[in-house]
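Engineer: Quick one: the structure is below, questions incoming.
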Amino acid sequence: MTYQLEARDTHRSVRDTTDALSSPLQIPAASPGTATAAEQALPRTITPSHWIPLAAALLSFVMIAWVVVNLASGWVGFATFVPNGLLGGMEAAISLARLFAALVLVLIVADGVGARLRWLAAGFVVLGLGQFAFGYIEPILVEETSLDQALYEMILVRALAAALFVIGLVSREPPRFTVRSAVGVALVTAACVVGYVALSRWGLVPPLVMIGSLDEAARRGIAPMTWLTGWHWAVAAVPFGLAVVAGVGSLWRYRRGEIGGWVPLGIILLAGSELHDSLWPSAYGNSALLNTADVLRLTMAAVIVAGGALELKRLAAERARLLASERERARRLEELTRLKADFTAMVAHELGYPLSAIRRLTELLARDGVNPELRNRTLASILRETDALDTLVADVQAMATVERDDFRVDPHPIPVSSLVEIAVAHSEAHPEGRAPLGVSLDGLAGDELVLADRERIGQVLRNLLCNAARYSPPESPIELRVAAAYGGRVRVEVSDHGPGIHPDDLERIFDKFARGRNGHAGSAAGVGLGLYLARRIVRAHGSDITVQSSPGAGSTFAFELTGVAGT
């Protein structure tokens, strides 16, 4: 009765195992807003470099030093006449560079870096579109624009852009930039323009300059300090102050790895251009002068183009890695599905024969008049078939154990004789149909200690001995040889005189579910897990299993264990 309960439990364990393996493959789907495993593998931050803060500090020093030198010399700012075509081309290049920067930042946002960069993109869009609107479209629609109006327009655009930069770079948790936000920016711009037009008709707009042309002031060599009003200093301080705050915020965000190094350099150059513009102003389409503020804006455009191109290159590389990771993930899932199907079919095949045999033998025992000798032989056959089921379940459970990420062995010093005892005990426990086992200790007394997990290494030895007996002719000897190896290690070998292994299978036999292609492979029991498990266990001991074999000459499997000094 006890034996019947154990057999029923074994059958239930096998059935549960096969049911679990035959269930549909479950791949957890990413929840909305959650990155996939491949996306999570990609870097989400930029590694900051100490060169960017140093470059920003050097730029700031040079721009401030230039201001101090010019103030000391009495001629504030640098201004020179250039052809209108050259100046117009430079302004167009600056505008395009700003729009390019906005495009790059939008692409980064789409890559999941952070919604705060939308505010930066909006700021660059305002700078670029403001240049086109007031520098190109307005001169076509309006015959003449006063210098004061041109200065107000430029200050409005720069202040609005700097405010967007501050929101995106300084705010701890900036609000999302949505279509409503874009409409709000457009309404603020329109309200400022309408307010300026209304106040100018009533004569309530304070003048920023006391001259009518920047070109005339440059020709006559008049220092800007004499024709700039206090209102100019007050109004120009707004975009300059906002740009300085945005510059500090950009350096902080760069140190946190949230933005590329080209962004703080561009913002610092923008702040420098605001400082120089406050001392020698420039206006949209109102002058043929090229001043230091224009040079800084052109430098900013060059930095934006170069940095944006590098950022796009980085994005392309990340997307290529993402695509490769997704392809690898798809390949692994496909391979897993195939292996699962193969394993299910293999286990079902291996279960079929012993279960069918147990059923037939049980029916035989149920008959009346079975003589004692036949009954004993039948019971012995049933025991062998249940042993096969137990072995199958043990292999599946062992595979699940070694496949875990936290699989570890627990090595302790054990005598070499303990390894021999494991092999001998296994051979004696399965005497029927087994080949005789020969044991030899070459250069060892048996009391030498090796570092090993006794249970796990015992499992390795049992697997190797089972394979040797399974593929060897009846009564063909199996040899267990333990010998001293180089470096104080101990080498363990298991040899048989079976049909050998095909050269193409010498590595494949260690794969999961793999089996040899010799003549006995079709009838030998097992699902091809023994050598796979043995190699995983031996590798966890810091060694590996090797095999030497050729067809018709038998096989020798060997591994080494670390010897314990002083033994």
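Engineer: Please report the orientation-averaged projected area of region 50-323, defined via the convex hull of its C-alpha atoms, in nm².
Structural biologist: 15.3
Engineer: As a test question: what accessible area, to the nearest 10 Å², does PHE61 have when a 1.4 Å probe is rolled over all protein chains in place?
Structural biologist: Answer for PHE61: close to 140 Å² accessible.
Engineer: Going by accessible area, probe 1.4 Å, with all protein chains left in place, what is the ranking of LYS512, LYS313, largest first?
Structural biologist: Largest accessible area first, the list is LYS313, LYS512.
Engineer: Using a 10 Å cut-off on Cβ atoms, rank the peptides 443-452, 204-213 from the highest mean neighbour count down.
Structural biologist: 443-452, 204-213
Engineer: Keeping all protein chains in place and using 1.4 angstrom, which order do TRP227, TRP252 fall into by accessible surface area, from largest down?
Structural biologist: TRP252, TRP227
Engineer: Non-local amide H neighbours of VAL439 (under 5 Å, H modeled in plane, Pro and chain starts lacking H): which ones?
Structural biologist: Amide H neighbours of VAL439: LEU480.
Engineer: In whole Hz and in residue order, list the ³J(HN,Hα) couplings for region 260-271 that follow from phi through the Karplus curve 6.51 cos²θ - 1.76 cosθ + 1.60, θ = phi - 60°; x for Gly and Pro.
Structural biologist: Once rounded to whole Hz, the list reads x, x, 5, 5, x, 4, x, 5, 5, 5, 5, 4.
Engineer: Give the ranking of HIS502, HIS232, HIS541 by solvent-accessible surface, highest area first, calculated with a 1.4 Å probe.
Structural biologist: The most accessible residue leads, giving HIS502, HIS541, HIS232.
The values are calculated or read from the model by the stated rules, or taken from the named source; none is laboratory data. Note that the structure is a prediction, hence the values are computed from the model and not measured. Counting neighbours? That spans all protein chains shown, and the Cβs are built from the backbone with ideal geometry, glycine included. Quick note on the areas: whole protein, heavy atoms, side chains included, nothing else; ligands and nucleic acids left out. Shrake-Rupley method; radii C 1.70, N 1.55, O 1.52, S 1.80 Å.
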